[in-house]
Amino acid sequence: TYGTIIVDLERHVVIDILEDRTVQNLRQAIEEQMNMHGRATGRALLSDADNISTDIHLQRSRLAHRKSREEIFTTIHALREQGLSCSEIEGRTGFRRHSVAKWLKSEVLPDRRRATLKPTSPWYFEEILAVSWKK
């Protein structure tokens, strides 16, 4: 048997499982889900309590990730101050030479840039869908 799974990629949560693999009236189904509780995004798919819990978890995760990046940045710069080359730092840390060189160019930890949305991302079409649904 076949089915279609709709997944919230941000929260890694299965939203719905459709009985077959031919998704008919997908636009209508997405529109209904995204308009729940008057919200313009799919975030209404979870209850407010779940959204708050997920947001707190996401913030903690991002903070931990930021701290990890700060530690790596500090370590790479400390190894450079000891006189190690990019290749030697690569050998000790396991980070590629190109990445080490890029981090050494900065005096402060660079902010992470958001990746460009790809056509495979559901958020790539968010604005287009919002405009077309208003018609």
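Looking only at residues of the range 100-124 that are open to solvent by less than 40 Å² (accessible area, probe 1.4 Å) and polar (S, T, N, Q), we find that the one that is farthest from the chain's Cα centre (by Cα) is 106.
Within the range 73-91, which residues are touching a Leu at 6+ places or on another chain (Cβ under 9 Å) and either in a loop (DSSP other than H, G, I, E, B) or surrounded by 14 or more Cβ atoms within 10 Å (Cβ to Cβ) (or both)? 73, 76, 77, 80, 86, 88, 89, listed by residue number.
Inspect the range 101-118 for any residue being closer than 26 Å to residue 63 by Cβ, at pLDDT 90 or above and touching a helix residue (DSSP H, G or I) at 6+ places or on another chain (Cβ under 7 Å) and give the result as yes or no. Yes; the residues of the range 101-118 include at least one that is closer than 26 Å to residue 63 by Cβ, at pLDDT 90 or above and touching a helix residue (DSSP H, G or I) at 6+ places or on another chain (Cβ under 7 Å). Taking each residue of the range 100-111 that is without any contact (Cβ under 8 Å) to a residue 60 or more places away in the chain and looking for partners that are of a type in the set (Lys, Arg) with beta-carbon atoms closer than 8 Å, six or more apart or interchain, yields 104/80; 109/69.
The values are calculated or read from the model by the stated rules, or taken from the named source; none is laboratory data. From a predicted model like this one, the values you see are computed outputs, not experimental measurements. Neighbour counts run over all protein chains shown; Cβ positions are idealised from the backbone, glycine included. Remember, those area values only see protein heavy atoms, side chains included, never the ligands or the DNA or RNA. Shrake-Rupley method; radii C 1.70, N 1.55, O 1.52, S 1.80 Å.
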